[in-house]
Amino acid sequence: QVQLVESGGGLVQSGGSLRLSCAASGRTFITYAMGWFRQAPGKEREIVAAISRSGSSTSYADSVKGRFTISRDNAKNTVYLQMNSLKPEDTAVYYCAARDRFIAGPGPYDYWGQGTQVTVSS
């Protein structure tokens with residue numbers, strides 16, 4: 001089992017950048033593929049990006065390709081989401097999640113963090 005805690009959200013102007021972090025507890029972080037999701041008010045949760053256990057494979061939603069980068073540091077039990085060129089439509093609660101194997105699609109994922117709010121003003 002793994003516990004996930006996100007951080008790094010906040011308020012940023014359109015065109016700005018934020019880096020989200022997700023710290024995982026336990027010594028088995030490297031056994032999990034990780035994903036970042038987001039959910040805006042009134043909308044369904046959507047996959048933003050995913051990364052394999054080693055970090056060698058990644059995938060992105062079309063809406064964030066070229067602007068967001070997912071990465072991980074297995075020595076620090078942390079996965080990151082670097083978000084550049086932010087747009088108001090990126091406003092959402094962002095969640096990290098863990099599963100046993102990497103997939104490019106939305107899930108299912110087994111473990112979830114509590115979420116961090118990202119607000120992009122125009």
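The values are calculated or read from the model by the stated rules, or taken from the named source; none is laboratory data. Bear in mind that the values here come from a model prediction, so they are computed numbers and not experimental data. As a convention, Cβ positions derive from the backbone with ideal geometry for all residues, glycine included, and neighbour counts pool all protein chains shown. Only protein heavy atoms, including side chains, enter the accessible area calculation; ligands, DNA and RNA are left aside. Shrake-Rupley method; radii C 1.70, N 1.55, O 1.52, S 1.80 Å.
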Suppose we filter the range 45-58 for residues that are open to solvent by less than 20 Å² (accessible area, probe 1.4 Å) and small (Gly, Ala, Ser); how many remain?
3
For the range 1-60, which residues satisfy the criterion of being among the aliphatic types (A, V, I, L, M) and touching a Cys at 6+ places or on another chain (Cβ under 6 Å)?
Leu4
Meets criteria (over 24 Å from Gln13 (Cβ atoms) and touching a Leu at 6+ places or on another chain (Cβ under 8 Å)) for Trp112
yes
Top-ranked residue in the range 64-97 [being under 15 Å from Thr31 (Cβ atoms) and under 10 Å from the mean Cα position of the chain (by Cα); ranked as surrounded by the most Cβ atoms within 10 Å (Cβ to Cβ)]
Val79
Candidates Gly15, Gly42, Gly26, filtered to the one that is open to solvent by 30 Å² or more (accessible area, probe 1.4 Å), farther than 19 Å from Gly113 by Cβ and without any contact (Cβ under 8 Å) to a residue 60 or more places away in the chain:
Gly42
Counting just the residues of the range 29-39 that are aliphatic (A, V, I, L, M) and surrounded by 14 or more Cβ atoms within 10 Å (Cβ to Cβ), which one comes out farthest from Glu89 (Cα to Cα)?
Ala33
